[in-house]
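The structure under discussion appears below in the form of structure tokens.
The values are calculated or read from the model by the stated rules, or taken from the named source; none is laboratory data. Since this is a predicted model, take the numbers as computed values, not measurements. Glycine gets a Cβ as well: all are built from the backbone with ideal geometry, and neighbour counts include every protein chain shown. Note: accessible area is taken over every heavy atom of the protein model, side chains too, but ligands, DNA and RNA are not part of it. Shrake-Rupley method; radii C 1.70, N 1.55, O 1.52, S 1.80 Å.
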Amino acid sequence: MPLLDVKNLTMHYTTKMGDVHAVDDVSFAIEPGEAIGLVGESGCGKTSIALTLLRLLPDNAKFLGGSVLFEGVDIVRIPEEEMRKIRWRGISMIFQAAMNSLNPVYRVGDQIIEAIQTHFPIDYQAARRRVAELFDLVGLAPELMDRYPHEYSGGMKQRAVIAMALACAPKLVIADEPTTALDVIVQDRILRRIDEVRKELNMAMLYISHDIAVIAEVSQRIGVMYAGNLVEFADTVTIFKNPAHPYTIALMSAFPSIKGEKRKLQGLPGEPPDLLRPPSGCRFHPRCPYATAVCTESPPEYREIQPQHYVACWHPHLGRS
Amino acid sequence: MLISEKVKIEPLWKIRLRLAIRSLRRNWALFWESRIGPLGLGIILFFVLLMIAHPILMATVWDPRVYDPIVGFDRALVGRHPAPPSWAHPLGTDPIGRDVLSQLMWSTRSEFALGVTSALITVVIGTLIGAICAYFGGVIDTIFMRLADLVMLFPFIALLMVLRSVIHLDLWRLALVMGILSGFGGITITLKAQALTVKVKPYIEAAKVAGGSAFHIIRHHIIPNIMPLSFLYMMFNVTGAVFTEAVLSYFGLLDIRMSWGIMIHTAESAGYLGAFGQYWWLWAPPGAAITLLCFAFYLVGRGLDTVVNPRLRKR
Amino acid sequence: MLRYIGWRIAQIFVTFFLFLTMVFLIFQAMPGDYTKQFIMNPKIPPEARQALAERLGLTGSVWDQYLHYVRNVFTGNLGISFQHYPREVWDVIKERLPRTAVLFLVADLLAFALGYPLGKYIAWRRGRISDYVVTVTGVLFYTIFTPLLAIILLFVFSNVLGWFRSGGFLTPSLWLRPPVSPQTVFLLLTATICGLLGLWAGSYFLTRRIGHPRPRAWARRGLVALGLGLAGIAWGYSGIGSYAWDIVWHMFLPVLAVTLISFGGTMLLMRDSMLEVIREDYITTAKAKGLPEKVIRDKHAARTALLPTITNFTIGLGFIVSGGIVTETMFSWKGMGLTYLEAVLQQDFPLAMGCLTFTGILVLLLHLVVDVLYAFLDPRISY
């Protein structure tokens, strides 16, 4: 049984100007211990999915359909009290921009201890020992436990937030652009650490980013999102060597390869659509070089074109598998 | 096709006007959404109506000899002043025979004048000083901040007594004094803090590099960006000004002929405030009027707060 | 930190000095020559006048008087009051100050105790009907015309209900032959309140060993309740409890008036502060951690939102010294505010200047206390 099974998830934001179609009919599954990447441009719905999984959406978010089965339980429909128990213990999250994730008036160690004590009945000293272990795991000196967030550097804060996310030994960790705000060297180090930790603790991970290079490093399977839809989902090698959806193909073409032949980088003309009034039919059709009449009329079905390779397109590019 | 061929060339003033109208409409929508802003505005409108109605009434229905707020006198009720409300005098008469409603309506004009003038002066001074302190920093900043400290400690009542002995302390002069004094006080600290957040923005740096003088930057970049906040604080200053004048008039420390505070003061010095319930029309209407006007401007201020400060909005 | 405090104290000296000069000049500019006025006071025998004038520094040029005045202030001599001759100004202040202190201390604490939780609670319910109602009510209380509020309160409580018949701060008939003076009672009351405050602050420190937040909060409350109980017993057995109660009884209406107005302000400020904090990312993180709503609201949001409220409260403490002139006048509460007003109106310049001087130095020091306190509460700030 998959650890996380998302089926036809649909969620909109209600605003003064209308409904923003943030997430439409998204389905995917994560097995225990698996690392999945979710990639897409800004505003394509990746973060919204993450927030939906933890039910951290703002008041104007409308849940419109589908289900999210976590260990068999539909966590979108259970009462808030039940959800509170699952948060952090079952699913935890590493937020984007760790700078602001920590409360400035409390010590970092205490904030992690707070998470632990909420879910486990252990005393303060035992919790402190656990925090020391976690700090060791992410590469922070244990003394830093008693410092305040503003005394940490950017990389240190990110590590602290990772330690906090791992505090309750969750089964699934969602990492939302955890390294965007860091410089490349620190980024590399942290990415490696996250992957090592994941393997050590056998956790599942949902890695969200707009940077496909980063995603490729850490994910076993990748989902490509565009304008609120999941347009392709396959293992990493397939996505890179054998992309089926025109958007994925365009992404790969825009991506320089160190080993491959020298070629001209191709950008993708146009802009992502306004999710208040998404295009009819397939949302990618205004920018798609292969679009035909059917693409403008009806949204394509999300189906398995090859084993473990899902695409939502009327004319998927089928190459070698 | 070149981009420039697609765009219609319009005179600059037209573009500015269009943008201004658009932002005005958007801000109005936000203001309306705050709910309390329009409530305050409604109350202010009510007072404006009172203000306009008075000269109309005086010219048509009311006999000036009886209803004049300052020198009127109702002979018919002589010996029974202050008279309780009746058809002829909906809010009764005061101890010296003048119609209370007429006084109330007439004073509305002076309250508005005083409040708005004083607040305007305060805000203009405060904005200028705040911007200058933020931009130059250093010695200038320290001087003005310590000056603000002194101003906040200032013995206002003593100053008024001194001024009163020298000049006739009427409405406009009081507005000037209050405006100038407040202008150098606490508001400079708040506006300076806001101006500082503007000063560190990249476009200020860009303007400096492009050769903008200090005066130019302050005038064209810093001040326009703190004006929304200034306008907001103006509302709170109107509240403060009206309140202060009312308190001072109530204690008899001013030379104004007629205001809401004076009305209560007249009642008190004639000894009618001892029996509250009996002569309620002497203190309740002016007291309520002062409260309502201050209340209304404060609500408008808070409504504007949601426009200026996005974090306070509902969504 | 010490260096910062030192630097601020130096600034306070300069500001205070300028303040003194300003006060002196204003009173010099007052109508009538106060040197002559004092001398013409019939209570003073003619022979003593000249000697007295010299002693009080009323002779000589304006510059001489100024120097004399400044020197006196720095040696703690604030002069002799005209109205209350031959009492010294400092004596009068000592008598009036505790009355204002007790009144405004109690009112400010009550206002904070009511405004803080209400503001915190209502910000969490942004957009609902209760939010609008509470906000509008808060604004109404904050902007109400103080004499109107006083009149309404007096009307309701004195006239209609018949309680609190007399104004002032004590019932003369009960104080015909008291074992202690009202002054002592006031001082003891102030001491009690300050003691309880200190106990409450200290309870945070004393209970720090207790790990879990919930039992810790109860331990703190227990300590304060214990303190209150002990204080009550002490007063009851002291023999002067009934006198203290008489004063407290008279305090009821003015405290109610000040609390209502002040509470509006505190509540609004707390609400605004909370709304700013709620948007922060660490609140979302707290929710993601699975913390219960109350904990997020109280421990995370309110704690940060508290900072501006504390500043406001401490600045409001300045009123404790200068007194709400309007409130004290309306309720005939003979405190610093009323004293100052009377002094100015009756041209008792030494007393008026003394009040201002005293208030001035205390307010300046209070501002320094605020800044230091803020640095303690917000770990991001350090001097």
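I need the full set of residues from the range B:132-141 which are open to solvent by 60 Å² or more (accessible area, probe 1.4 Å) and among the β-branched types (Val, Ile, Thr), in order please.
Keep residues of the range B:132-141 that are open to solvent by 60 Å² or more (accessible area, probe 1.4 Å), which gives B:136, B:139-140.
Residues satisfying the conditions are B:VAL139, B:ILE140.
Could you list all residues from the range C:340-382 that are in contact with a Leu (Cβ under 9 Å, 6 or more places away or on another chain) and outside any helix (DSSP H, G or I)?
Within the range C:340-382, C:ASP378 is the sole residue that qualifies.
If you take the residues of the range C:119-149 that are among the aromatic types (Phe, Trp, Tyr) and either surrounded by fewer than 21 Cβ atoms within 10 Å (Cβ to Cβ) or in a helix (DSSP H, G or I) (or both), which of them is farthest from the other protein chains (Cβ to nearest Cβ)? Let's see the steps before the verdict.
First, pick out the residues of the range C:119-149 that are among the aromatic types (Phe, Trp, Tyr): C:121, C:124, C:132, C:141-142, C:145.
Next cut, either surrounded by fewer than 21 Cβ atoms within 10 Å (Cβ to Cβ) or in a helix (DSSP H, G or I) (or both) only: C:121, C:124, C:132, C:141-142.
Values: C:TYR121: 17, C:TRP124: 12, C:TYR132: 6, C:PHE141: 10, C:TYR142: 7 Å.
Checked the range C:119-149; the qualifying residue farthest from the other protein chains (Cβ to nearest Cβ) is C:TYR121.
Looking at the range B:160-170, which of its residues are assigned to a helix (DSSP H, G or I) and open to solvent by 30 Å² or more (accessible area, probe 1.4 Å)? Steps first, answer last, please.
We begin by selecting, within the range B:160-170, every residue assigned to a helix (DSSP H, G or I); these are B:160-166.
Within the range B:160-170, B:MET161, B:LEU163, B:ARG164, B:SER165, B:VAL166 meet the criteria.
Please work out if C:SER238 is more than 20 Å from the chain's Cα centre (by Cα), over 26 Å from A:TRP88 (Cβ atoms) and open to solvent by less than 20 Å² (accessible area, probe 1.4 Å). Walk me through it before giving the result.
Details: more than 20 Å from the chain's Cα centre (by Cα): yes; over 26 Å from A:TRP88 (Cβ atoms): yes; open to solvent by less than 20 Å² (accessible area, probe 1.4 Å): no.
So C:SER238 fails the test.
Pick out the one residue from A:ALA141, A:ALA132, A:ALA165, A:ALA126 that is small (Gly, Ala, Ser) and buried (at least 22 other Cβ atoms within 10 Å of the Cβ). Steps first, answer last, please.
Details: A:ALA141 fails: buried (at least 22 other Cβ atoms within 10 Å of the Cβ); A:ALA132 fails: buried (at least 22 other Cβ atoms within 10 Å of the Cβ); A:ALA126 fails: buried (at least 22 other Cβ atoms within 10 Å of the Cβ).
So the residue among A:ALA141, A:ALA132, A:ALA165, A:ALA126 that is small (Gly, Ala, Ser) and buried (at least 22 other Cβ atoms within 10 Å of the Cβ) is A:ALA165.
Report yes if some residue within the range B:266-281 is crowded, with 22+ Cβ neighbours inside 10 Å, in contact (Cβ under 8 Å) with a residue 12 or more places away in the chain, part of a helix (DSSP H, G or I) and of a type in the set (A, V, I, L, M); otherwise report no.
No; the residues of the range B:266-281 include none that is crowded, with 22+ Cβ neighbours inside 10 Å, in contact (Cβ under 8 Å) with a residue 12 or more places away in the chain, part of a helix (DSSP H, G or I) and of a type in the set (A, V, I, L, M).
Out of all the residues in the range B:31-57, which are assigned to a helix (DSSP H, G or I) and modelled with pLDDT under 85? Give the steps one after another, and end with the answer.
Just the residues of the range B:31-57 that are assigned to a helix (DSSP H, G or I), to begin with: B:31-33, B:36-57.
B:GLU33 - this is the single residue of the range B:31-57 that is assigned to a helix (DSSP H, G or I) and modelled with pLDDT under 85.
All but one of (1) at the interface with another protein chain (Cβ under 10 Å from one of its Cβ atoms); (2) touching a residue at least 60 places away in the same chain (Cβ under 8 Å); (3) among the polar types (S, T, N, Q); (4) in a loop (DSSP other than H, G, I, E, B) hold for A:SER42, so report the exception by its number.
Here A:SER42 clears every test but (1).
Please list, ordered by first then second residue, the pairs with beta carbon atoms under 6 Å, 6 or more apart or interchain, first in the range A:251-273 and touching a residue at least 40 places away in the same chain (Cβ under 8 Å) and under 23 Å from A:GLU41 (Cα atoms), second open to solvent by less than 100 Å² (accessible area, probe 1.4 Å) and assigned to a loop (DSSP other than H, G, I, E, B).
Matching pairs, first to second residue: A:PRO272/A:GLU41; A:PRO272/A:ALA227; A:PRO273/A:ALA227; A:PRO273/A:PRO279; A:PRO273/A:ARG283.
Residues in the range C:226-235: is at least one assigned to a helix (DSSP H, G or I) and within 30 Å of A:PRO121 (Cβ to Cβ)? Before you say what the answer is, go through the steps one by one.
Start the filter on the range C:226-235 by keeping residues that are assigned to a helix (DSSP H, G or I), which leaves C:226-235.
Checking the rest, the ones that are also within 30 Å of A:PRO121 (Cβ to Cβ) come to C:226.
Yes: the range C:226-235 contains one or more residues that are assigned to a helix (DSSP H, G or I) and within 30 Å of A:PRO121 (Cβ to Cβ).
Please state which one of A:ALA312, A:ALA293 is closer than 19 Å to A:PHE28 by Cα and either at pLDDT 90 or above or of a type in the set (Gly, Ala, Ser) (or both).
Numbers: A:ALA293 fails: closer than 19 Å to A:PHE28 by Cα.
Result: A:ALA312 is the single residue among A:ALA312, A:ALA293 that is closer than 19 Å to A:PHE28 by Cα and either at pLDDT 90 or above or of a type in the set (Gly, Ala, Ser) (or both).
Conditions tested, residue by residue: (1) assigned to a loop (DSSP other than H, G, I, E, B); (2) in contact (Cβ under 8 Å) with a residue 60 or more places away in the chain; (3) over 25 Å from the mean Cα position of the chain (by Cα); (4) away from chain C (no Cβ under 12 Å).
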{"residue": "A:VAL68", "(1), (2), (3), (4)": "no, yes, no, yes"}
{"residue": "A:ILE122", "(1), (2), (3), (4)": "yes, no, yes, no"}
{"residue": "A:ALA126", "(1), (2), (3), (4)": "no, no, yes, no"}
{"residue": "A:LEU140", "(1), (2), (3), (4)": "yes, no, no, yes"}
{"residue": "A:LEU144", "(1), (2), (3), (4)": "no, no, yes, yes"}
{"residue": "A:ALA165", "(1), (2), (3), (4)": "no, yes, no, no"}
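Within the range A:112-123, take every residue that is surrounded by 18 or more Cβ atoms within 10 Å (Cβ to Cβ) and among the aliphatic types (A, V, I, L, M) and give me the one that is nearest to A:ALA163 (Cα to Cα).
A:ILE112
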